[in-house]
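In what follows, a structure is listed as structure tokens, so that the remarks can point back to it.
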Amino acid sequence: MKNLRVLLVDDEIMIREGFKRLFDWEAHGCEVVGEAADGMEALAKIDSLVPDIAIMDINIPIMNGLKVIKTARMKHPEMAFVIVSGYDDFSYCREALRLQITDYILKPVNYEEFGTCIDNLKISMFRNKITDEPTETRTIISITKYLQDHLAEDVSLTVLAEEFHLNPQYISQLFKSEIGVNFLAYLTNIRMEEAKRLLLGTSLPIADISERAGYGDYRVFTKVFKKSEGVTPSQYRRDFLES
């Protein structure tokens with residue numbers, strides 16, 4: 001998978017420099033191709049550079065980040081936007097969700113969490129991309145479908161190798177080359193997505209959800225979920241019901 005092109009939008013130069021210097025873009029299959037300090041400059045850069053991802057602050061001069069996103073979506077519906085903001089405000093979060101923002105991250109940025117956000121975004125883009133499906137792509141699509149159908153089971157590279165009659169190392173390389181993340185990151189992502197779906201869409205006990213998401217040990221599930229989402233499964237469900 002080719003490197004994703006990233007545009008940084010923030011009126012504070014130190015924030016933009018922090019993103020460039022403190023986050024390993026190359027390790028996450030990305031490259032920063034441009035910067036903008038206000039809303040109008042952001043729109044111009046979006047049109048000229050057409051990045052895959054725009055990392056956007058909300059409180060920027062001339063035109064705020066949410067208006068930039070709303071305007072840019074008209075021309076670039078496939079572009080991904082990640083909001084990075086100092087505002088922990090539900091009204092902003094609600095508007096971000098309405099605009100189908102990939103993620104809403106609070107300052108100061110935790111770069112480990114940001115890396116997870118970028119990896120999850122790459123997984124989502126892989127699922128949605130249109131392809132002529134060469135052999136490698138057909139193979140990885142078959143493997144990802146198998147994973148989705150067997151989430152509750154103990155699936156490993158060895159299991160996949162036996163199922164598809166392939167070398168485990170080759171499968172591992174496919175995940176990096178075709179999706180841009182490693183096998184474990186992908187598996188964790190789809191397990192967390194299934195867990196969130198069950199938490200919000202059913203009244204199942206969390207222990208049952210843990211098993212359906214592929215975690216026989218409830219404690220491990222809780223630890224992985226909190227690392228991924230920032231809250232425990234029970235808090236995630238409670239926050240949704242109270243919103």
Would you mind calculating the gained length between residue 48 and residue 167 on full extension (0.36 nm times residue separation, minus the Cα-Cα distance), in nm to one decimal?
38.6 nm
Global form of the chain, assessed from the alpha-carbon gyration tensor, a/c cut-off 1.5
oblate
accessible surface per residue for the stretch 12-66, probe 1.4 Å, DNA/RNA/ligands not counted, whole Å² -> 47
Sorted by packing (mean other beta-carbon atoms within 10 Å per residue), highest first, where do 198-205, 115-122, 140-147, 29-36 land?
115-122, 29-36, 140-147, 198-205
How long is the gain from residue 135 to residue 204 if the chain were fully straight, where each residue apart is worth 0.36 nm and the alpha carbon distance is subtracted?
20.9 nm
Give the span of the stretch 190-243's Cα atoms along each principal axis, as three whole-Å numbers ordered largest to smallest.
29, 21, 18
Per-bin percent of Cα-Cα distances, the stretch 114-243 [5 Å]
2, 10, 20, 21, 19, 14, 8, 5, 1, 0
Working from Cα positions, state the angle (0 to 90°, nearest 10) between the long axis of helix 13-22 and the longest principal axis of the chain.
30
Label residue 232 and residue 158 with points 7 Å out from Cα along Cα→Cβ: what is the distance between them in nm?
3.3
Candidate residues 222, 135: accessible-area rank, largest first, probe 1.4 Å
135, 222
Report, to the nearest 10°, how far helix 218-229 tilts away from the longest principal axis of the Cα atoms in the chain, using its own Cα long axis and a range of 0 to 90°.
20
So for R0 = 30 Å, FRET eff. of residue 27-residue 124 from the Cβ-Cβ r, to 0.05, ends up at 0.95
The chain: angle of helix 65-75 to the longest principal axis, Cα-based, in degrees nearest 10
70
Measure of exposure for residue 2: accessible area at 1.4 Å probe, Å² rounded to 10, is 130
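The values are calculated or read from the model by the stated rules, or taken from the named source; none is laboratory data. Values in this document were obtained by computation on a predicted structure and should not be read as measured data. So basically every Cβ, Gly included, is an ideal-geometry build from the backbone, and we count neighbours across all protein chains shown. Areas reflect the complete protein model, heavy atoms only, side chains present, ligands, DNA and RNA absent. Shrake-Rupley method; radii C 1.70, N 1.55, O 1.52, S 1.80 Å.
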